[in-house]
Amino acid sequence: MRRLALTDEDVAGRKLVLSWFRDAGLEVTLDRIGNVRARRSGLDDSLAPVVIGSHVDSVATAGRFDGCLGVLGGLEVVRTLNDQEVRTLRPIELAIWTEEEGCRFGTDMLGSAVAAGRITEAQARSLTDAGGISVGAELDRHGLVGPVAVPVTPPAHYLECHIEQGPILEAGGYEIGVVTGVQAILWHRLTIRGRAAHAGTTPDALRHSATLAAALVTVKLDEMVKSGRYGALLANVGRFDTAPNLVNIVASEAVITIDLRNPEEDAIQRASADLLAYCREVEQRTGVTIASEITAHTPPVQFYDEVMDEVEATANRFGLSNRRIMSGAGHDAGEMAAICPTGMVFVPGKYDGISHNPREYSTPKACADGINVLFQCAVSFANRS
Ligand code: GLV
Ligand code: MN
Ligand code: MN
């Protein structure tokens, strides 16, 4: 599975899902950044809607559940309401957010961040992929710039069901995760410039190797994680591009990405500052220059007691074992929490919760449990005046 945001594959996937939305009687609109909103009327359409959402874009090595469970689960909520001829007081809207993954354009939760007002439409449109193609050009090419203004009008509540993407629920035998929030995320892109030189003739003292510098930074991050000095820090170097990328030439350039995660904002900030200080040391030691850019940063998000309590009570009513859990992954719900009461339902994944991997898997029972809880919470909130 590979549906990088705003590629032809992503747009083909969206079109298919939108045809299902329309078959379910939903009225589909787009906002200025290509986020989809699909509306089921309530008894009083002047009231703010309850929004259920997630994403259908994927990383390059995806499984089938990350994002799609929440979108298709929302569709199942609507289909069930239709089948049972249930009218809710408030409208219920399904959302599909643009570029949740951040894999293509470098900033995650992009569409929901624009919808919530953290990132402007102009900033988002100007982001480019590794080939220099911009978000704006892709939105225009696919005709995805819609009439709904951003930031959007806040919904009454926002709900999202998602696969956990980690090992905790499965290992503990839990059927539902009551998500308490999302840990902080901070992404850097480092552009390291050295000097191309002959690998057989250039003495060590005359080399300025961009790959050596990139490797030193990578190892330093691992030491920082294992030092325990930054709490529950996680760090990943996911992209490691070098030039000219040939066997007998000292590398003149390396571009690497760094993904830092931490439940605590001050710890992630300290890690980021210490890493950049270490980059200055690497410059001294190897003679390269290192330019850094923060491409994404979201502080920790705390979800709402009202929503957590509703998810927990619903799971208990269904006899589903559950625990509270902080999300290690980023989610669109983290953005929506800035503008309305928000919460998430997690379902366990198999195989240690492996995700961003084709083996990602959640059983039909686990998915149904999660969507049943989502359904009850959505209807409960949609019936509150
Ligand atoms: C989203 O998948 C993330 O990177 O957490
Ligand atoms: Mn996701
Ligand atoms: Mn993901």
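The values are calculated or read from the model by the stated rules, or taken from the named source; none is laboratory data. Please read all numbers here as calculations on a predicted model, not as lab measurements. Note that each Cβ is placed from the backbone with ideal geometry, even for glycine, and that neighbours are counted across all protein chains shown. For the accessible areas, the whole protein counts, side chains as well, though only heavy atoms, and no ligand, DNA or RNA atoms are used. Shrake-Rupley method; radii C 1.70, N 1.55, O 1.52, S 1.80 Å.
Given a 1.4 Å probe and every protein chain left where it sits, what share in percent of the accessible area of region 184-298 is carbon and sulfur? About 53 percent, which is the carbon plus sulfur part of the accessible surface. Cross-link partners of residue 350 among aspartates and glutamates, defined as those whose alpha carbon lies under 19 angstrom from its own and excluding same-chain residues fewer than eight positions apart: 66, 164, 170, 175, 360, 369. In order along region 207-219, phi translates into HN-Hα couplings of 8, 10, 8, 5, 6, 4, 4, 5, 5, 4, 5, 4, 5 Hz, rounded to whole numbers, per the Karplus curve 6.51 cos²θ - 1.76 cosθ + 1.60 with θ = phi - 60° and x for Gly and Pro. For region 1-36, list residues with backbone N below 18 Å from a point placed 7 Å from the Cα of residue 351 toward its Cβ? Backbone N within reach: 1-3. Toward the positive end of the charge dipole of region 101-245, with +1 on the Cβ of Lys and Arg and -1 on the Cβ of Asp and Glu, the farthest Cα among 215, 236, 186 is that of 215. To the nearest 500 deg cm²/dmol, what mean residue ellipticity at 222 nm is calculated for the chain from DSSP H runs of n ≥ 4 alone, each contributing -39,500 (n - 2.57), summed and divided by the residues? The per-residue figure over the chain is -11000 deg cm²/dmol.
Multiplying the residue separation of residue 22 and residue 309 by 0.36 nm and removing their Cα-Cα distance gives an extension gain of 100.1 nm. Let me have the relative contact order for the chain, percent, based on Cα pairs under 8 Å that are six or more residues apart. Relative contact order, the chain: 24 percent. The charge dipole of region 184-298, taken about the Cα centre with unit charges on the Cβ atoms of Lys, Arg (+1) and Asp, Glu (-1), comes to about 240 debye, rounded to the nearest 20.
Contact order for region 184-298, expressed relative to its length and based on alpha carbon pairs under 8 Å spaced 6+ residues apart, stands at 45 percent. Residues whose amide H falls under 5 Å from that of residue 150, counting only those 5 or more places apart or on a different chain, are 32, with hydrogens built in the peptide plane.
For region 184-298, what does the alpha-carbon gyration tensor say about shape, rounded, prolate or oblate, given a ≥ b ≥ c as the root eigenvalues, a/c under 1.5 as rounded, and a/b over b/c as prolate?
Judged from the Cα gyration tensor, region 184-298 comes out prolate (a/c at least 1.5, a/b above b/c).
When peptides 177-188, 200-211 are ranked by their average number of other Cβ atoms within 10 Å per residue, the highest-first order is 177-188, 200-211. Normalised per residue, the accessible area of region 288-344 is 40 Å², obtained with a 1.4 Å probe and no contribution from ligands, DNA or RNA.
Relative to the Cα centre, the charge distribution of region 48-163, modelled as +1 at Lys and Arg Cβ and -1 at Asp and Glu Cβ, gives a dipole magnitude of about 220 debye. Dipole size of the chain about its Cα centre, with +1 on Lys/Arg Cβ and -1 on Asp/Glu Cβ: approximately 560 debye, rounded to the nearest 20. Think of region 184-298 as having a plus end and a minus end, set by charges on the Cβ of Lys, Arg, Asp and Glu; of 199, 225, 267, 199 sits farthest toward the positive end of this dipole.
A Förster radius of 56 Å combined with the Cβ-Cβ distance from residue 133 to residue 89 puts the calculated FRET efficiency at roughly 0.80.
What shape does region 40-173 take by its C-alpha gyration tensor, where a ≥ b ≥ c are the square roots of the eigenvalues and a/c under 1.5 counts as rounded, a/b above b/c as prolate, and the rest as oblate?
Note, shape of region 40-173 comes out oblate.
With the highest mean first, a sort of the peptides 138-148, 94-104, 55-65 on other beta-carbon atoms found within 10 angstrom per residue produces 94-104, 55-65, 138-148. Here the accessible area of region 3-111 is 49 percent carbon and sulfur, with a 1.4 angstrom probe and all protein chains present. For the pair residue 126/residue 148, report the inter-label distance in nm, with labels modelled 7 Å from Cα in the Cβ direction. It works out to 2.6 nm between the two label points.
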